[in-house]
1. For the chain, what are the DSSP H helices with axial Cα length of 27 Å or more and mean Kyte-Doolittle hydropathy of at least 1.0?
2. Which links in LYS18/LYS180; LYS60/LYS205; LYS60/LYS180; LYS8/LYS205 stretch past 30 Å when you go from one Cα to the other?
3. Can you sort LEU38, LEU115 from fewest to most other Cβ atoms within 10 Å of each residue's own Cβ?
4. Mind checking which of SER234, LEU114, ALA223 is farthest towards the positive end of the chain's charge dipole, using Cβ charges of +1 (Lys, Arg) and -1 (Asp, Glu) about the Cα centre?
5. Quick check: convex hull of the Cα atoms in segment 1-154, volume per residue, rounded to a whole Å³?
6. Sort HIS57, HIS218, HIS91 so the one with the fewest other Cβ atoms within 10 Å of its own Cβ comes first.
7. Among MET177, MET236, what is the fewest-to-most ranking by other Cβ atoms within 10 Å?
8. Expressed as a rounded percentage, what relative contact order does the chain have, with Cα pairs under 8 Å and six or more residues apart?
Amino acid sequence: MAQLLEGKTALVLGVANKWSIAYAISAAFVREGASLILTYQGERQRETVEELGGELHASKILPCDVTKPEELEALVTNLKQSAPVIDSLVHSIAFANREDLSRPFLETSRDGFLLAQEVSAYSLVAVSRAIAPLMTRGGSITTLTYLGSTRVVQNYNVMGVAKASLEACVRYLAADMGPKRVRVNAISAGPIKTTSARGVKDFSKVLEGVAAVAPLRHNTETAEVADTAAFLASDMGRGVTGNIVYVDSGFQIIGLGISD
């Protein structure tokens with residue numbers, strides 16, 4: 001059976017551990033024949049990502065803090081030497097201060113607001129601009145978002161606003177990069193029990209609530225998100241750009257439920 005990503009090189013940012021969505025996407029890309037490059041942020045993450053990269057047979061594992069322009073420049077310089085053509089970029093990076101997720105949105109600090117925007121939204125713009133010159137065959141850029149971008153989700157707060165910004169960035173980047181045959185999309189995944197999700201207060205209640213009413217009656221699995229990312233990165237997704245693709249067991253269609 002032909003592999004969807006055979007002959008393609010994928011750069012994945014955001015692998016944190018085996019339970020992260022980025023790890024599942026990386027594994028799916030390797031399964032489908034892609035050559036994989038991973039990045040890590042800071043020395044604290046280096047050992048973990050190198051270990052995971054070894055398991056995934058990544059061809060390169062490089063440092064990159066998306067908030068530091070000099071590290072993005074160094075990443076591109078390294079890629080030009082070792083992987084001059086990038087076919088797929090996966091941006092799975094987001095951050096907000098824990099205190100800004102645990103108190104009312106009204107009380108979000110200025111610094112907390114700007115930090116969430118820089119790491120969770122602007123970084124997609126910065127990374128796309130840096131990597132675009134290497135996408136000489138066209139390709140795919142995929143980021144991760146969540147329903148809290150368009151609806152108020154309790155305790156998601158400043159991250160919901162950052163995700164709304166991220167989704168707007170997807171649309172504008174898709175318009176800018178389309179003439180170069182680069183497609184830009186976001187996957188809106190349902191709630192998944194990742195390490196970062198634990199920063200959202202009462203997250204276990206969110207999981208219970210979604211599984212109870214979503215049409216497919218189960219919580220989203222990382223493998224479901226990963227398979228969708230592989231499709232978007234492949235030639236089968238060649239006509240899809242500027243979209244928010246929901247992989248959430250159908251939860252996004254559900255409105256108000258009235259008990260008997």
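Each reported figure results from applying straightforward, stated rules to the coordinates on display, with no laboratory input. Fair warning: this is a prediction, and the values are worked out from it, not measured in the lab. Ideal geometry is used to build each Cβ from the backbone, glycine not excepted, and the neighbour counts take in all protein chains shown.
1. Once both thresholds are applied, nothing remains.
2. Listed pairs above 30 Å: LYS18/LYS180; LYS60/LYS205; LYS8/LYS205.
3. Listing LEU38, LEU115 from fewest to most nearby Cβ atoms yields LEU115, LEU38.
4. Toward the positive end, the furthest listed residue is SER234.
5. It is 134 Å³ per residue.
6. Ordered from fewest to most neighbouring Cβ atoms within 10 Å, HIS57, HIS218, HIS91 come out as HIS57, HIS218, HIS91.
7. So the ranking, lowest neighbour count to highest, is MET236, MET177.
8. 20
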